[in-house]
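Report on one structure; see the data block that follows.
Derivation of every value follows stated rules applied to the coordinates shown; laboratory data play no part. Being a predicted model, the structure only gives us computed values, none of them experimental. Every residue, glycine among them, receives a Cβ derived from its backbone with ideal geometry; neighbour counts consider all protein chains shown.
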Amino acid sequence: MIELIAEIGINHNADMAITKRLIDAVFATGWHVAKFQKRTPELCVPESQRNQPKQTPWGQMTYLEYKQKMEFGQQEYDYINKYCAEKPIRWTASVWDIPSLYFLVQYPVPFIKIPSAKLTDSQLIEACAKSGIPIYLSTGMSTTEEIDEAVNLILKYSNERLTLFHTNSTYPCPVNELNLRCIPWLKERYGQRVGYSGHEIDLEPSVAAAVLGAEVIERHITLDHRMWGSDQAASLEVHAMDMLRKRLDDVPAMLGDGVKRVYDGEQKAKEKLRG
């Protein structure tokens, strides 16, 4: 079975009602994990960007103020944890800094996601590896040498299963830059489970990724592409979530086991056509 991760990310727009509807969509369409993003804005926003003006649905504010407003805290995640448990459905988050990691591990998350932007953050990677929780690592905008260093560091401290995600960090990503043949390359080079985190608009690349060996598919999700936010355009609406899940369900059966055989249906055709 292909694992499906629904990246809610920050598409909740700091609104718990939207968050609940997105979790409902994950459950209703048969996806397996709802994923968020956890940051400490004071650590993650570069000094040069903090005071830049930002137009938001709540009026103009500094970029740092905007990131602070978008960030869920203890009360919100306590509710998310409770709401997901009632479905039931699993949830987790990408962590962008060490305090966010320590915050996340208080919950029974199935894995920790390290985003592409933090692949070169050795302190964060080491802390994640030492947590004892399985790690999912995205490899967007990274060189082979950078991926090598991150993987070696994780394996130095963790015996848990590592899942590497091929991805392109452009939102949305043009099809000629998806480079899906990196999926078998990642599996061969590192000997780890490989997934695909898609930022394209269409469904077909995610299906192709599964055919090429991706065992986990992650896509951003939204209630409506027209909603405010930078990630909405590269996200799947609810009907598309359902369509993609149904298509991916058929991939293992279509691929088969690779052993050449004559099936029963063929045998009847063989007798008729060859005598």
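From the list GLN60, GLN55, GLN68, GLN37, the one residue that fits, being closer than 16 Å to SER100 by Cβ, part of a strand (DSSP E or B) and not small (Gly, Ala, Ser), is GLN37. Cβ-Cβ distances below 8 Å connect the following pairs, each with a first residue in the range 13-24 that is in contact (Cβ under 8 Å) with a residue 12 or more places away in the chain and more than 14 Å from ASP78 (Cβ to Cβ), a second residue that is assigned to a helix (DSSP H, G or I) and of a type in the set (Lys, Arg), and a separation of six or more residues or different chains: ALA14/LYS69. Among the residues of the range 1-25, the one identified as among the charged types (D, E, K, R) and assigned to a loop (DSSP other than H, G, I, E, B) is ASP15. Any residue that is more than 20 Å from the chain's Cα centre (by Cα), of a type in the set (A, V, I, L, M) and surrounded by 11 or more Cβ atoms within 10 Å (Cβ to Cβ) - is there at least one of those in the range 54-66? Checked against the condition, which is being more than 20 Å from the chain's Cα centre (by Cα), of a type in the set (A, V, I, L, M) and surrounded by 11 or more Cβ atoms within 10 Å (Cβ to Cβ), the range 54-66 yields at least one hit. When the residues of the range 151-183 are filtered to those that are of a type in the set (A, V, I, L, M) and assigned to a strand (DSSP E or B), the one that is farthest from the chain's Cα centre (by Cα) is LEU162.
Of all residue pairs spaced 6 or more apart or on separate chains, those with beta-carbon atoms under 8 Å, a first member in the range 240-260 that is in contact (Cβ under 8 Å) with a residue 40 or more places away in the chain and within 21 Å of HIS220 (Cα to Cα) and a second member that is of a type outside the set (A, V, I, L, M, F, W, C) and assigned to a helix (DSSP H, G or I) are LEU244/SER206; LEU248/SER206.
Restricting attention to the range 184-210, which residues are more than 22 Å from ASP249 (Cβ to Cβ) and either part of a helix (DSSP H, G or I) or touching a residue at least 24 places away in the same chain (Cβ under 8 Å) (or both)?
Result: TRP185, LEU186, GLU188, ARG189, TYR190, GLN192, HIS199.
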